[in-house]
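One structure below.
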Amino acid sequence: MLADGERLTDLRLFASQSFRCGADERFYGLGHRPDSPEHRGHTRYHWTEEGGIGLGLDAPLGPHNPLPNGPSTTYFPIPYYVSSEGYALELDSTARSLFELCSEREDAIRLETWEPAIGITVIVGERGPDGIIDPLEVLERASAVLGRPEPPPRWIFAPWNDAIQGSEEVRRVAAVLRDNDIPSSVIWSEDWSGSAPTDSGITLVPDGWIDREVYPDVEVLADELHGQGFRFLSYYYPYLIEGTEDHDTARREGYLLRDANGKELRFFCVRDIVGQPDLSLPPARSG
């Protein structure tokens, strides 16, 4: 996270490590990457951010397109990959990091992290009788070392459906699904706090308050959907937009996140400059 006015060049503590890249080596993983499941020749940042939406892959940096841009923008970065050469690699860091996967040089991988030291865990697979390393065997070894997630609930694996623009429209979509025996475990209504028209459709109004004109009975609606076997999910925007009453109140009361020097931190999200409530403060949590 960059403070107001801070530039990339202001951050001088980082570490980097390079090693050989195989001529035909391929890389899989790195968390949620919407453009490609394989990453050879790519530069991949690990930094949870939503930026540059709709601007294209090569848009210049600016107030509405902070670093990173394009395919590196991700909600869920994981600094871990599995290589076609039979090993898995994890960068042991939660700091902002960078993977150059045969992109700066065709024969080199370079890892970088915004910390003064770098740590790497490498898990190598065992070759079978045919001389080939099974990637599933590498995954099994890696997960035994790095940890395995708990299996998610069964409803995660059923189809999810989006239904927006008000309580009655959500009820209509739910009825179509159930009346026609269409498998579905989730109704997703991300516009619960309202929306506004744009040239390409609508955009969310992320003020954190239920839009009672559009969803006047959202509590009743949720109960109805639960009774029909749906999970009712929404989209929450955990920021306060500069210039709004909520942001002004949080600033006045000292609820906004600050750096070690007490300077208020400002972020870019979607199309707004925002502050983030410091939820380590009990008054900020209670409202």
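Derivation of every value follows stated rules applied to the coordinates shown; laboratory data play no part. Remember, predicted model here, so these are calculated numbers, not experimental data. Note: ideal-geometry Cβ built from the backbone for every residue, glycine included; neighbour counts use all protein chains shown.
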**Asked** Taking the Cα centre of each part, how many Å lie between segment 104-166 and segment 191-228?
**Response** 35
**Complete:** The ratio Rg/Rh over the Cα atoms of segment 171-283, Rh being the Kirkwood inverse mean 1/r radius, stands at 1.09
**Prompt:** Computed over the Cα atoms of segment 154-233, what is the convex hull's projected area averaged over all directions, in nm²?
**Reply:** 5.8
**Message:** Suppose each label sits 7 Å from its Cα in the direction of the beta carbon; what would the H226-R148 distance come out to in nanometres?
**Reply:** 3.3
**Asked** How much of the DSSP beta bridge set in segment 87-239 is antiparallel, as a percent to the nearest 5?
**Response** 75
**Complete:** CD proxy, 222 nm, the chain: helix-only mean residue ellipticity via -39,500 (n - 2.57) per DSSP H run with n ≥ 4, per residue, nearest 500, stands at -5000 deg cm²/dmol
**Request:** Diagonalise the Cα gyration tensor of the chain and give the resulting equivalent ellipsoid semi-axes, square root of 5 times each eigenvalue, largest first, whole Å.
**Result:** 38, 29, 18
**Asked** Where is the GNM fluctuation largest for the chain (alpha-carbon springs, 10 angstrom cutoff): I182, I109, I118?
**Response** I182
**Asked** Mind listing P(r) for segment 84-200? All alpha-carbon pairs, 5 Å bins, whole percents.
**Response** 2, 8, 11, 10, 11, 9, 9, 10, 12, 10, 5, 2, 0
**Fill in**
A correct fewest-to-most ranking of I187, I164 by other Cβ atoms within 10 Å would be I164, I187
**Prompt:** So which cysteines of the chain have no other cysteine's Cβ under 4.7 Å from theirs?
**Reply:** C269
**Request:** For segment 240-286, just run the numbers: alpha carbon Rg, then divide by 2.2 N^0.38 Å, N being how many residues it has.
**Result:** 1.08
